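Peer 1: A single structure is presented below for examination.
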């Protein structure tokens, strides 16, 4: 029927959600790879994600699987030996194609990201808080349309308190947003966690 939105295989459950939570689920600070639960805004488990680590492999390799264990997305950044961590590919595994790319933009005082389609066309941008923001409080990364800078939503890193070892993110976006862009925003939250928080934690251990 005309007008019914179509989702790539495995992403159908994102059609009817306007918010997503991404929660780290590591058992202890000594676990050297990341695991995540990806939930709807009302707490329903949608996906599980696990990092794959290899000494000479990609610097960032996350497999997102549905509740039956089938991989639906692969988040991949090239080897750190050859490439600065400025771009992540989002691969739609079941569909057999790239869903898009996420590029980190280098700025002096503020982190930002550009979300691109599989044709490398910029569609969204995510602008982080200024330097020092988010210390002992939530950190907000504003989502905007790339073409006209219109506000679209927000990715919030929820302050975890002094005792928790796991990060948590909340993502707000329009319910009718293209499901592939929803998947890119979920992927962007994981990328933010890796670049700014998880990497710092590993360097300090």
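Every number in this text was worked out from the coordinates using simple rules, so none of it is lab data. Keep in mind that what you see is a predicted model, and the values were worked out from it rather than measured. As a convention, Cβ positions derive from the backbone with ideal geometry for all residues, glycine included, and neighbour counts pool all protein chains shown.
Peer 1: So how do 47, 36, 70, 196 line up by other beta-carbon neighbours within 10 Å, fewest first?
Peer 2: Going from sparsest to densest Cβ surroundings: 70, 196, 47, 36.
Peer 1: Okay, next question. So if we plug the beta-carbon distance of residue 42 and residue 106 into 1/(1 + (r/R0)^6) with R0 = 25 Å, what FRET efficiency do we get, rounded to 0.05?
Peer 2: The computed FRET efficiency comes out at 0.10.
Peer 1: Take residue 120 and residue 147, extend 7 Å from each Cα along the Cα→Cβ direction, and tell me the distance between the two endpoints in nm.
Peer 2: Roughly 2.1 nm, to one decimal.
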